[in-house]
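In what follows, a structure is listed as structure tokens, so that the remarks can point back to it.
Just so you know, all these numbers are worked out from the coordinates, no wet-lab data involved. Values in this document were obtained by computation on a predicted structure and should not be read as measured data. Every residue, glycine among them, receives a Cβ derived from its backbone with ideal geometry; neighbour counts consider all protein chains shown.
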Protein chains: 2
Amino acid sequence: MSHSAIEHLTEPQQRILSFISHYMDEHDVPPTIREIQKGAGISSTSMVSYHLKALERANLLNRYERRSRGVVLTHAHRVSPRDIVSVPIVGRIVASEPAPTPDPDALADAENTIQIARSLVGSADGLYALEVQGDSMIDALINDGDIVIMRRTDEIKNGDLAAVFLTDRNESTLKRVYREKDGKRLKLKPENPTMKPFYVDAHHAMIQGKVICVIRKT
Amino acid sequence: MSHSAIEHLTEPQQRILSFISHYMDEHDVPPTIREIQKGAGISSTSMVSYHLKALERANLLNRYERRSRGVVLTHAHRVSPRDIVSVPIVGRIVASEPAPTPDPDALADAENTIQIARSLVGSADGLYALEVQGDSMIDALINDGDIVIMRRTDEIKNGDLAAVFLTDRNESTLKRVYREKDGKRLKLKPENPTMKPFYVDAHHAMIQGKVICVIRKT
DNA sequence: ATAATAAGCGAACATGCGTTCTATGTCAAG
DNA sequence: CTTGACATAGAACGCATGTTCGCTTATTAT
């Protein structure tokens, strides 16, 4: 950033700014010139126009010319819906069965959803969440009740933490996955450095999703 | 909740809804009837009015009669700034020294901040975050690099997970804290159920904050 | 003091924009 | 076939609303 900012705003200009902000909080719609006039105690519409022009120059708001209610605060603390993503909690993950994967049909019902800031997870594509049940993932440092944010994906990079279902043992687990050179085996490495990695036949491992983030509410 | 919701919306109604939503994302101002008409491919303004009325009945949006751009989605996915809290990451927590606590003067600079949905943490009061360094908290199932969201608080309820600095050992740790009946000792219980709790003299334990939530990005 | 510049007014104007009205088309029930 | 509830068009009406312009009143510089 460089110039701009609050090089002294005149007092009516501050009133206008504050009025717009409050008005938006209440109505979700920007005010009209005349509403600003009354609300901020300005004597005429032309004066409002005048001040608005100044505020625009100061980069404190944007105007859409000639459009009704065409004033929007640039004020950074506006948050767009995209900044929060609602991730559906599609089920529980337990050691003894495959982890559920999202049902494409099921619309996210608000009940079973966790909100997280987009900045934590990057893209919202293919995200879903699982609630961990039982202590069996403790070797991945994941506790009973933790929420695991997963991304549905077919390709896993070496070293990604993923939910893997082992068909031969009938067991779900969260491990870091490495493809062995021969392409036939996977190395599964527990997060807990005190535990040894082990190997499974690639045919017996279904990779169900990639762990993006783990959240524990206490 | 009871009635309402998406009792079959007609296809043009869905288009309208989606258009408004996208329009708002882009412009921060609701569209006019005529903009909806073009944007959602409706044949006439009266039809837009017509559908809008239906959508209002279905509680999917509110209208301010006779006011320009007087349509606002009720749809919960509107996000107010209050729904995201920016938590300052005030430092690292390592076993060998007291965990940092927030400096009341220091303003949150955007660089060292983690955004989380308000629904995860309740009130934003007194929140700060620590980045865990080292494996020493592994008994609390907290890994190197994890982010711990803390709340500055003086009173801790029995069983709360808290950051405790043990003055006699010069060591920081995250444990569940229980006050013993005699009031002189604290029981500190690791999260990991395979580890045994232990007791410390209350005078040698500084409770630095309460763990609200743990976040692990992978 | 005088000129120049910024600030303040209010009315008039031209669209912007929501509403309403009439006419037409559809489709199922009677 | 008729009736009546809906869905659809298009246009006209009229208030809402941003803009402009001429004019007066501070402020400040010369």
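Measuring r between the beta carbons of residue A:119 and residue B:74 and using R0 = 22 Å, the FRET efficiency lands at 0.25.
For segment A:42-71, applying the loop criterion from DSSP together with a ceiling of 12 other beta carbons within 10 Å to the trypsin sites (Lys or Arg not before Pro) yields A:66. Straight-line reach from residue A:217: taking Cα to Cα under 28 Å and skipping same-chain neighbours fewer than 8 places apart, the lysines in range are A:175, A:189, B:157, B:175, B:181, B:187, B:189, B:196, B:210, B:217. Restricting segment A:111-218 to GluC sites (Glu not before Pro) that sit in a DSSP loop and have at most 15 other Cβ atoms within 10 Å of their own Cβ leaves A:155, A:180. Checking every one of the trypsin sites (Lys or Arg not before Pro) in segment B:129-218 against DSSP loop status and a limit of 10 other Cβ atoms within 10 Å picks out B:181.
Take each residue of peptide B:30-36, count the partner chain Cβ atoms within 10 Å of its Cβ, and average: the result is 1.
A simple spin-label model places the labels of residue B:206 and residue B:139 2.1 nm from each other, with each point 7 Å out along Cα-to-Cβ. Starting from the label point of residue A:112 at 7 Å along Cα→Cβ, the same points in the other copies fall at 4.1 nm, in ascending order. Sorted shortest first, the distances from the residue B:203 label point to those of the same residue in the other copies are 6.9 nm; each point sits 7 Å from Cα along Cα-to-Cβ.
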